[in-house]
1. Within the group ILE60, ILE66, which residue is at pLDDT 95 or above, away from the ligand (no atom under 12 Å from the Cβ) and surrounded by 12 or more Cβ atoms within 10 Å (Cβ to Cβ)?
2. Considering the stretch 81-117 alone, what residues qualify as being assigned to a loop (DSSP other than H, G, I, E, B), over 30 Å from PHE33 (Cβ atoms) and more than 9 Å from the ligand (Cβ to nearest atom)?
3. Filter the stretch 25-55 for residues that are assigned to a helix (DSSP H, G or I), among the hydrophobic types (A, V, I, L, M, F, W, C) and more than 19 Å from the chain's Cα centre (by Cα) and give the result.
4. When you scan the stretch 3-31, how many residues do you find that are surrounded by 19 or more Cβ atoms within 10 Å (Cβ to Cβ) and either in contact with a Lys or Arg (Cβ under 7 Å, 6 or more places away or on another chain) or within 18 Å of GLY123 (Cβ to Cβ) (or both)?
5. Cβ-Cβ distance below 6 Å, separation of 6 or more or different chains: which pairs start in the stretch 129-148 with a residue that is more than 13 Å from ALA94 (Cα to Cα) and free of Cβ contacts under 8 Å to residues at least 40 places away in the same chain and end on one that is outside any loop (DSSP other than H, G, I, E, B) and more than 9 Å from the ligand (Cβ to nearest atom)?
6. For the stretch 118-148, name all the residues that are charged (D, E, K, R) and within 10 Å of the ligand (Cβ to nearest atom).
7. If I ask for residues that are within 12 Å of the ligand (Cβ to nearest atom) and either among the hydrophobic types (A, V, I, L, M, F, W, C) or under 12 Å from the mean Cα position of the chain (by Cα) (or both), which ones from the stretch 9-24 would you list?
Amino acid sequence: MTWLTDFYPWIKAFHVISVIAWMAGLLYLPRLFVYHCEAPEGSRESETFKTMERRLLRAIMNPAMITTYIFGGLLLATPGVADWGAAWLWCKLALIGGLTVMHHLFALWQKDFLVGHNTRSAGFYRAMNEVPTAMMIGIVVMVIVRPF
Ligand code: HEM
């Protein structure tokens, strides 16, 4: 596994690049849902939101989540990188589980909008927008500050 050590800075760079792309989608998609709530079903605006939401999820968020997992997993497998006895690492992994749940909920809600079956309010999506934000803040504090 010495190649993992040789490429460690590159793997970490691509990990962070993937994280940025994933987070961009996790923060923007619920914002689109908020605006989509205001557009009547069948209107041109509503059809435009459907296209934007589908493309954001398929072209950016799904690939970025997968590469975040791949590069993050490679970092975990790099000798000497992961301290499995440190609580911050487990806390980070739990928060990543939370982000992954949010990703899949957003994908379900995107499908509801696509077929015109959304029943949730703009206020609901506004509140949901805050959840990945809070999780991202928690993750960055865990990896940088390592408070415990
Ligand atoms: C499957 C998902 C993930 C795994 C397995 C994972 C794992 C890791 C590992 C092992 C490191 C290397 C730590 C070191 O070099 O000491 C790392 C670095 C980092 N991760 Fe993740 N990570 C994941 C997702 C995320 C997410 C979602 C975020 C942010 C929202 C994130 C933010 C960071 C940052 C900022 C660093 C650089 C920290 C530093 O250099 O001090 N990671 N990750």
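1. Details: ILE66 fails: away from the ligand (no atom under 12 Å from the Cβ).
Within the list ILE60, ILE66, the selection yields ILE60.
2. Taking the stretch 81-117 and keeping what is assigned to a loop (DSSP other than H, G, I, E, B), we get 81-86, 115-117.
Remaining after also requiring over 30 Å from PHE33 (Cβ atoms): 81-86.
Within the stretch 81-117, TRP84, GLY85, ALA86 meet the criteria.
3. Step one: list which residues in the stretch 25-55 are assigned to a helix (DSSP H, G or I), which gives 25-38, 44-55.
Right, trim to among the hydrophobic types (A, V, I, L, M, F, W, C) and you get 26-27, 29, 32-34, 37, 49, 52.
Scanning the stretch 25-55 gives CYS37, PHE49.
4. Total satisfying the criteria: 2.
5. VAL131/MET102
6. Taking the stretch 118-148 and keeping what is charged (D, E, K, R), we get 120, 126, 130, 146.
Answer for the stretch 118-148, where residues must be charged (D, E, K, R) and within 10 Å of the ligand (Cβ to nearest atom): just ARG146.
7. Here is the first cut: in the stretch 9-24, the residues within 12 Å of the ligand (Cβ to nearest atom) are 9, 11-24.
Answer for the stretch 9-24, where residues must be within 12 Å of the ligand (Cβ to nearest atom) and either among the hydrophobic types (A, V, I, L, M, F, W, C) or under 12 Å from the mean Cα position of the chain (by Cα) (or both): ILE11, ALA13, PHE14, VAL16, ILE17, SER18, VAL19, ILE20, ALA21, TRP22, MET23, ALA24.
The rows are residues; the columns are (1) farther than 22 Å from VAL143 by Cα; (2) charged (D, E, K, R).
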| position | (1), (2) |
| --- | --- |
| LYS12 | no, yes |
| HIS36 | yes, no |
| SER43 | yes, no |
| GLU47 | yes, yes |
| ARG55 | yes, yes |
| MET65 | no, no |
| LEU74 | no, no |
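The values are calculated or read from the model by the stated rules, or taken from the named source; none is laboratory data. Note that the structure is predicted; figures quoted are calculated from it, not measured. Reconstructed Cβ throughout: ideal geometry from the backbone, glycine too, with neighbour counts over all protein chains shown.
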